[in-house]
Amino acid sequence: MACRSSGSGSYTVVIIPLKTSLYSLDALRFYLWIKRLKELEKEKDALCSGLEILEKARLWYLQRLEENKAKQEDFETKSGALPCQEGAAEGRSCFLRNCIQRVNGSLGTVMTEPNVTSSSNLSLPDAVADSDLRWHNTILTQEVSNKNHQISMLELEKDALLEQLDELKAH
């Protein structure tokens, strides 16, 4: 990995005395320049941290793909009889799929968002409306995610109840 974060999370501020007045344009430019460098350093640290997380996520995705492939091969070799435990596994799989899709969507959003530092053609009211729509979309996405989680939990509960029913019928 090309980026290494210091881990301390602290930043060094260098104060260089200027030969001009504190209220001069040169002093203001220098202050703004230092401030921008500090912001860029924080952004770099966040990006490096994100790269580390993405590398871990990439390895996790590869492992899940291998497990999925093995399960598919195993399923194809079976005669098609499903044990009662498959229902619980299906509910977990649905929940996991939901989480993965949410992460994929978030990553896609990050990569397709316009660069904040680039000049934008949107007027201020358009930018505010766009921001409001994005916020509303985020809220709706979260609500859908919560509902999917509830559905997954209810499916798991249903599977457990069906399993208990089967046990009661067996006795």
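The values are calculated or read from the model by the stated rules, or taken from the named source; none is laboratory data. Predicted model only: the values in this text are computed from it and were never measured. As a convention, Cβ positions derive from the backbone with ideal geometry for all residues, glycine included, and neighbour counts pool all protein chains shown. Surface accessibility is based on the protein's heavy atoms, side chains included, excluding ligands, DNA and RNA. Shrake-Rupley method; radii C 1.70, N 1.55, O 1.52, S 1.80 Å.
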>> All but one of (1) of a type in the set (Lys, Arg); (2) touching a helix residue (DSSP H, G or I) at 6+ places or on another chain (Cβ under 9 Å); (3) modelled with pLDDT of 90 or more hold for Lys44; state the number of the condition that does not hold.
In response: (2)
> Considering the stretch 125-151 alone, what residues qualify as being charged (D, E, K, R) and either touching a Ser or Thr at 6+ places or on another chain (Cβ under 7 Å) or at pLDDT 80 or above (or both)?
Replying inline: Glu143, Lys147
>> Can you pull out every residue in the stretch 61-72 that is open to solvent by 100 Å² or more (accessible area, probe 1.4 Å) and acidic (Asp, Glu)?
In response: Glu66
>> Criterion first (within 17 Å of the chain's Cα centre (by Cα) and at pLDDT 90 or above) does Leu59 satisfy it?
In response: yes
> Residues Leu161, Leu154, Leu168, Leu122: which one is at pLDDT below 80, on the phi < 0 side of the Ramachandran plot and open to solvent by 80 Å² or more (accessible area, probe 1.4 Å)?
Replying inline: Leu122
